[in-house]
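For reference, the structure is listed below as structure tokens.
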Amino acid sequence: MLASASGGREFPHTGLADGDEVDLGGLTLRALATPGHTHEHIAFELLDDGRVRGVFTGGSLIVGSAARTDLVSPERTEELARAQYHSLQRLAGLDDDVAVWPTHGAGSFCSAPPGTERTSSIGAERATNSLLRAESEDAFVAQLLGSLGTFPPYFLRLGEINRRGPALVRGNGLAALAVDEVAALRQQGAEVIDVRPVPDFAAAHVPGSISIPLRPVFATWLGWLVGEERRLVVVRNPDQDPEEILWQARKIGYDRIAGELEGGLAAWIGAGRATATIPLVEPTEVTTGHGVLDVRQSNEYAAGHLPGARHVELGAIAERRGQAPPGATVVMCGHFERAMGAASLLAREGRRDLSVLVGGPGDWADLGGNELETSG
């Protein structure tokens, strides 16, 4: 384990300071202090025969932008943004042909506005990255901080967890829980997390369960929507990998997993237990007369939304559920995974007049010949 020497880690590792080198047997890694994303951040230059071929920039320079600086604490955000400015200027001094290999890419909440490319070069970034072209440190800070959206609250906990080192968890696999055990756990306050695809959840689900489909960002939304102190019960389909569910949950510190509903939803129905539904609607079925709740991130909403749609980000839906439109409401996002998550949270609070849009605003506009609204 190679890590920044200034990180104060409590597990065995090799601490590296600026300029320290590690022999890889023909290639060399050289630590480059690049504080900003965190106070201790380092990048790694990759040297071949003494020449820098590429740089693993981690959470400093990313394609078209820079990693955000507000994940350590609100009080240090501007300080770290100024450190990020100097780190990026240092990286920009490398040769044009040096490859840029960031940790964070499109879709990561660790990034400022996400792009689509995963790798780049110093020359390309110097020519196109607007943050590298900022006219001053103050202009850089204003631009970077102005681009930051919301992020999952567990991000603020993980730094300290990672510094101490994760706890060791005994056992593998999801324990099988009978229907009566799941019902009892629900009564005791456990959360039922339904990881099945959205159409399956829409057709039938355990009342009060939260829809968080299993996909690469499962951990993000689990950590955003469910408190770490809650015990978890999983409902999955037989073809969904239980080890993937466990891995994603545990990597953000969610270890209180009681198990899974044995036999899945079929067992729940077979035991005579009640189920709930949330219908799906096609884009062509939604008119401007419908109440619409858009739960995408603010920058997505601003780029184009249905006329008159109310906006509450999914991550804030529990606290701001009163801002959802009254009466029959279509919940939407960019596809339908986040929308069903929001609808499931609203339904557990008593809403029974919800449906979820299949697709996003682009589908509504294209299939119906409609115009989207934008906002500043």
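The values are calculated or read from the model by the stated rules, or taken from the named source; none is laboratory data. Given the structure is predicted, the values throughout are model-derived calculations rather than measurements. As a convention, Cβ positions derive from the backbone with ideal geometry for all residues, glycine included, and neighbour counts pool all protein chains shown. What goes into the accessible areas is simple: the full protein's heavy atoms, side chains included, and nothing from ligands, DNA or RNA. Shrake-Rupley method; radii C 1.70, N 1.55, O 1.52, S 1.80 Å.
Give, as a single signed number, the net charge of other residues whose beta carbon lies under 10 Å from the beta carbon of THR329, with Lys and Arg counted +1 and Asp and Glu -1.
+1
Can you compute the radius of gyration and Dmax for the stretch 167-217, using only the Cα atoms, both in Å?
Computed over the Cα atoms of the stretch 167-217, radius of gyration and Dmax are 13.0, 38 Å.
List, in order, the whole-Hz ³J(HN,Hα) value for each residue of the stretch 24-36 obtained from phi through the Karplus relation with A = 6.51, B = -1.76, C = 1.60 and θ = phi - 60°; use x for Gly and Pro.
9, x, x, 10, 10, 9, 10, 6, 10, 5, 9, x, x
Pick out, from GLN240, CYS333, ALA183, the residue whose Cα sits farthest towards the positive end of the charge dipole of the chain, with +1 on the Cβ of Lys and Arg and -1 on the Cβ of Asp and Glu.
Checked the options; the winner is ALA183.
Provide, as a two-decimal number, the C-alpha radius of gyration of the stretch 1-136 over 2.2 N^0.38 Å, N being how many residues it has. Could you put the intermediate results ahead of the total?
Values: Rg = 14.5 Å, N = 136, 2.2 N^0.38 = 14.2 Å.
Normalised Rg, Cα atoms only: 1.02.
Would you please classify the overall shape of the stretch 305-346 from the alpha carbon gyration tensor, given that a ≥ b ≥ c denote the square roots of the eigenvalues, rounded means a/c under 1.5, and beyond that prolate means a/b larger than b/c while oblate covers the rest?
On the way: a/c = 1.40, a/b = 1.03, b/c = 1.36.
It comes out rounded by the Cα gyration axes.
What does the net charge come to around PRO197 if you take all other residues with beta carbon closer than 15 Å to its beta carbon, with K and R at +1 and D and E at -1? Don't skip to the answer; put the middle values down first.
Numbers: positive: ARG196, ARG215, ARG236, ARG338; negative: ASP194, ASP200, ASP239, ASP241, GLU244, GLU337.
It works out to a net charge of -2.
Among 257-264, 191-198, how do they line up by average Cβ neighbours within 10 Å per residue, starting with the highest?
Final packing ranking: 191-198, 257-264.
Carbon-plus-sulfur fraction of the accessible area of the stretch 290-342, 1.4 Å probe, in percent? Please list the in-between numbers first.
Numbers: 970 of 1880 Å².
The nonpolar share, carbon plus sulfur, comes to 51 percent.
Using a 1.4 Å probe on the protein heavy atoms, what percent of the accessible area of the stretch 49-182 belongs to carbon and sulfur?
Values: 3450 of 6740 Å².
Here it works out to 51 percent.
Mind ordering 225-232, 48-55, 353-360 by average Cβ neighbours within 10 Å, highest first? Each step should come with its number before you reach the end.
Values: 225-232: 15.4, 48-55: 13.9, 353-360: 21.1.
Top of the packing list down: 353-360, 225-232, 48-55.
Compute the accessible area per residue over the stretch 63-106, keeping the other protein chains in place, probe 1.4 Å, unit Å². Mind dumping the intermediate values first?
Numbers: 1860 Å² over 44 residues.
Averaged over the residues of the stretch 63-106, the accessible area is 42 Å².
Counting only helical runs of four or more DSSP H residues, what would the 222 nm mean residue ellipticity of the chain come to if each run contributes -39,500 (n - 2.57) and the total is spread over all its residues?
Values: 12 runs with 107 residues, N = 376.
It lands at -8000 deg cm²/dmol.
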